[in-house]
Amino acid sequence: MSSTITVRVPAKVNVQLAVGGRRADGFHGLASVFFAVGLYDEVTVTPADRLTVSVAGPDAAAVPADRSNLAARAAVLLGARYGITPQVHLHIDKGIPVAGGMAGGSADAAAALVGCDALWGTGADPAVLAELAAELGSDVPFGLLGGVALGEGRGEVLSPVPTGGSFHWVFAVADGGLSTPAVYGECDRLRDLDGGSADTDLPVPAADPVLLEALRTGDATALGAALSNDLQPAALSLRPALAATLRAGADAGAIGTLVSGSGPTCAFLAKDAASAAALATTLTASGTCRTALPAAGPVPGATVLD
Ligand code: ATP
């Protein structure tokens, strides 16, 4: 058993996010195609007298450094399952934008599950880790899995999606985050205004076969045309400035644009790595975002580093 474990975990973008009606438990039925991209957090787990958390990175001040941190909650949950007192220090090096719609907190929870499992030698079955992950949050199981996967239910019931190669993205990071519950609330409000109801009259969400085929064949142009996010109108309603960011990316040659998850990060698909690098430079200079970061994917989920 090693005395320190570091786990690297990627951000996600939803290449499709189809949002159904509100369910009786308050969640929305989803068809969510998660795609893991090479923007990472690293969570280092070290034995300690008690459970403590520290956070580094440009957005560290926006992340709780106490037991409310999702990574700490993951350590407590895994410990409870195996009768272990979670005496660890969790250090989170955040490269994933905070409250950015890229599931950074969920990623850290997945990393803490994997890191504590390795440190404590619990040897948890992947199915047990997935069950604990789903208890922590709808996006946490995907942090364990990575790659590309269809999430159904409230997003936590995952099936891997085959892909035919790498895709090249740019992520425009905004100043300040958006609250995921607020964006779902705005989505419901806009649907109610539209004359329908946010609870009924909505088709059961399903994965788009055209999008799945584009992923399978590695066809970036077809994927760019098929990107969709039902939360985008709500994110734009709450943060109208994002329209200028999306436009700047399209004008600079992106082959697909969308708001990532609940936003406010915007995602742009490029045709290759060189185009992504050029697009990132143009977007950063456009003044429509804080910074723009190129990242390729799909990449694996939470992984212990040597
Ligand atoms: P999602 O895409 O899953 O909706 P997000 O990327 O929009 O999530 P997160 O970065 O996960 O949002 O953060 C949402 C909130 O969760 C933050 O404002 C923060 O207060 C809280 N939080 C708790 N633990 C963490 C963590 N480890 N990293 C980031 N935020 C955390």
So residue 156 clears everything in (1) touching a Pro at 6+ places or on another chain (Cβ under 6 Å); (2) closer than 21 Å to residue 266 by Cα; (3) not hydrophobic (A, V, I, L, M, F, W, C) except one condition, right? Which one?
(2)
Could you list all residues from the range 36-54 that are more than 30 Å from residue 215 (Cα to Cα) and of a type outside the set (Gly, Ala, Ser)?
44, 45, 46, 47, 49, 50, 51, 52, 53
Could you check the range 1-69 for strands (runs of 3 or more DSSP E) lying wholly inside it with 3 or more residues that are under 19 Å from the mean Cα position of the chain (by Cα)?
5-22, 28-47
Among what's in the range 69-93 and is of a type in the set (Gly, Ala, Ser) and in contact (Cβ under 8 Å) with a residue 12 or more places away in the chain, pick the residue that is nearest to residue 268 (Cα to Cα).
71
Could you give every pair whose Cβ atoms fall below 8 Å, whose first residue belongs to the range 55-68 and is more than 9 Å from the ligand (Cβ to nearest atom), and whose second residue is in a loop (DSSP other than H, G, I, E, B), counting only separations of at least 6 or pairs across chains?
56/94; 57/94; 57/95; 58/94; 60/94; 67/51
Is it the case that residue 299 is among the β-branched types (Val, Ile, Thr) and at pLDDT 95 or above?
yes
Flagged in the range 60-72 as buried (at least 19 other Cβ atoms within 10 Å of the Cβ) and either farther than 13 Å from residue 108 by Cβ or out of contact with any strand residue (DSSP E or B) (no Cβ under 7 Å at 6 or more places or on another chain) (or both), in numbering order, are 70
For the range 278-287, check the following and say yes or no: at least one residue is away from the ligand (no atom under 16 Å from the Cβ), surrounded by 19 or more Cβ atoms within 10 Å (Cβ to Cβ), outside any helix (DSSP H, G or I) and not polar (S, T, N, Q).
no
Taking the range 88-117, which residues are within 11 Å of the ligand (Cβ to nearest atom) and part of a helix (DSSP H, G or I)?
104, 105, 106, 107, 108, 109, 110, 111, 112
Hits in the range 88-100 - residues which are surrounded by 24 or more Cβ atoms within 10 Å (Cβ to Cβ), in contact with a helix residue (DSSP H, G or I) (Cβ under 8 Å, 6 or more places away or on another chain) and modelled with pLDDT under 95
97
The range 74-87, subset surrounded by fewer than 21 Cβ atoms within 10 Å (Cβ to Cβ) and in a helix (DSSP H, G or I), residue farthest from the ligand (Cβ to nearest atom):
82
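The values are calculated or read from the model by the stated rules, or taken from the named source; none is laboratory data. Source: prediction; values computed, not measured. Glycine gets a Cβ as well: all are built from the backbone with ideal geometry, and neighbour counts include every protein chain shown.
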